[in-house]
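Undergrad: Handing you a structure now.
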């Protein structure tokens, strides 16, 4: 059996029955970039490693480099979404070895030109992406989690296929948690394949902004280091699984790393920073989207 998730496929050994794995595919696949599915044949494609998922006491992943095997252990009563998210996040280093990187952000395709939107929570990434789709005929690539490949040049790969839209009362300056809607991006279109990345925007949508304004970091070394640090924060932007226990809330990190992954990650961040990288402040998502279209026309 093989697992395909996050745009890589590898042999997958697990005690969980096939009916349960198929249920995960049907119910959770859209929540992860590249989906999550199991199948019996890889069409003889080269696999980067093997994953072994066992039942037992929850343990961090173990990487066995001489056999290129990633071992995981989860309790029998583990939820379906935890199986999917833990297996996805544990494989992130292997994605990096293959020049594929998960980022926290939203992305859209405007006539073959990819736009990556990054920013803090509630910054307006999703609403700006949807404004590009609804008002400028863009195709949604993904929301919240997006994959970027670096096979010589940067390309956006299909990301999470559901969007998370906060209610109008949710702002970064408020602790109020409003209801969220989860529109299906599949109904709005899907990219036919990898989309060249042309523009990276750190977006901030706030009603206090009176007009749309863009600016770049200055050329001094300190500003460039801060930009580099900010970009790095969004690489591997995977949600940490949380669990409750008698002693409180715990956020175990289910990740491994390798020397090759770290090297490829450095090359990727350098390439990302060579891409046109702007900060954008706007009063509404619609104003932000219109400004992005103008900026994209300048770099075509």
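Undergrad: For the list (1) in contact with a strand residue (DSSP E or B) (Cβ under 8 Å, 6 or more places away or on another chain); (2) over 17 Å from residue 278 (Cα atoms), I need the number of the one condition that residue 114 fails.
TA: Result: residue 114 fails condition (2) only.
Undergrad: Please verify whether residue 35 is at positive phi and out of contact with any helix residue (DSSP H, G or I) (no Cβ under 8 Å at 6 or more places or on another chain), treating the condition exactly as stated.
TA: no
Undergrad: Shifting gears a bit: For the structure I just gave you, tell me whether residue 103 is closer than 28 Å to residue 280 by Cβ and modelled with pLDDT under 90.
TA: It is true that residue 103 is closer than 28 Å to residue 280 by Cβ and modelled with pLDDT under 90.
Undergrad: Considering only the stretch 87-106, I want to know if a residue exists there that is closer than 19 Å to residue 299 by Cα, under 16 Å from the mean Cα position of the chain (by Cα) and in contact (Cβ under 8 Å) with a residue 24 or more places away in the chain.
TA: No, because not a single residue in the stretch 87-106 is closer than 19 Å to residue 299 by Cα, under 16 Å from the mean Cα position of the chain (by Cα) and in contact (Cβ under 8 Å) with a residue 24 or more places away in the chain.
Undergrad: Here are the criteria: (1) over 11 Å from residue 289 (Cα atoms); (2) part of a strand (DSSP E or B). Tell me which single one residue 115 does not satisfy.
TA: Residue 115 satisfies every listed condition except (1).
Undergrad: Give me a count of the residues in the stretch 131-144 that are buried (at least 23 other Cβ atoms within 10 Å of the Cβ) and within 19 Å of residue 32 (Cα to Cα).
TA: Residues flagged as buried (at least 23 other Cβ atoms within 10 Å of the Cβ) and within 19 Å of residue 32 (Cα to Cα) within the stretch 131-144 amount to 4.
Undergrad: Suppose the filter is under 30 Å from residue 208 (Cβ atoms) and modelled with pLDDT under 95; does residue 81 pass it?
TA: No; evaluated as a whole, the condition is false for this residue.
Undergrad: Could you please let me know if residue 46 is farther than 27 Å from residue 185 by Cβ, surrounded by fewer than 19 Cβ atoms within 10 Å (Cβ to Cβ) and at pLDDT 90 or above?
TA: Considered against the rule, which asks whether it is farther than 27 Å from residue 185 by Cβ, surrounded by fewer than 19 Cβ atoms within 10 Å (Cβ to Cβ) and at pLDDT 90 or above, residue 46 comes out as no.
Undergrad: Just to be sure I understand, how many residues within the stretch 267-300 are loosely packed, with under 12 Cβ neighbours inside 10 Å, at pLDDT below 85 and in a helix (DSSP H, G or I)?
TA: Residues flagged as loosely packed, with under 12 Cβ neighbours inside 10 Å, at pLDDT below 85 and in a helix (DSSP H, G or I) within the stretch 267-300 amount to 3.
The values are calculated or read from the model by the stated rules, or taken from the named source; none is laboratory data. Note that the structure is a prediction, hence the values are computed from the model and not measured. Using ideal geometry, Cβ is built from the backbone for each residue, glycine included, and neighbour counts are taken over all protein chains shown.
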